[in-house]
Amino acid sequence: MGKRLYVGNLSYDATDERLREIFEAHGSVTSAQIIMDRDTGRSKGFGFVEMGTDQEAQAAITALNGQQIDGRALTVNEARPKTEGGGGGRGGYGGGGPGLRWWSRRPRQLLTRRHQRLVSSLSPPGARR
């Protein structure tokens with residue numbers, strides 16, 4: 001059992017200090033951090049608490065998991081280790097691909113009317129239609 005705990009379903013108004021207060025009733029708190037959204041600066045609704053000992057961490061899990069705090073039922077469990085590899089990225093769909101130009105090279109009879117209108121509206125003036 002690790003001393004680092006995941007705390008989910010927090011109120012978006014919760015602060016690090018409030019999180020620390022909640023967990024100090026169950027043992028010594030080494031650190032308490034709510035994860036903030038980088039773009040908006042608002043809480044993401046979850047955080048991490050590091051307890052002094054494994055026994056204190058287990059006591060906090062038992063006492064607080066499912067407990068109503070600020071009108072929300074907390075989820076408290078042992079934090080999983082951070083996985084290797086960067087987060088974010090582009091979603092795994094790769095590059096842009098050939099785009100609409102691919103459609104303009106297809107024989108006209110295979111294109112739907114919608115695509116024909118789209119291709120013709122994007123074609124330069126004087127291009128073969």
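Within segment 1-12, being within 16 Å of the chain's Cα centre (by Cα), in a strand (DSSP E or B) and not β-branched (Val, Ile, Thr) holds for TYR6, GLY8.
From the list GLY47, GLY27, pick out the single residue that is surrounded by 14 or more Cβ atoms within 10 Å (Cβ to Cβ) and at positive phi. So that I can check it myself, show each step before the final result.
Values: GLY47 fails: at positive phi.
Of the residues listed, the single one that is surrounded by 14 or more Cβ atoms within 10 Å (Cβ to Cβ) and at positive phi is GLY27.
Restricting segment 2-12 to residues that are at pLDDT below 95 and of a type in the set (Ser, Thr, Tyr) leaves a set whose member that is nearest to ALA73 (Cα to Cα) is SER11.
The values are calculated or read from the model by the stated rules, or taken from the named source; none is laboratory data. Here the structure is a predicted model, which means the values were calculated and not measured. Virtual Cβ from ideal backbone geometry, glycine too; neighbours counted across all protein chains shown.
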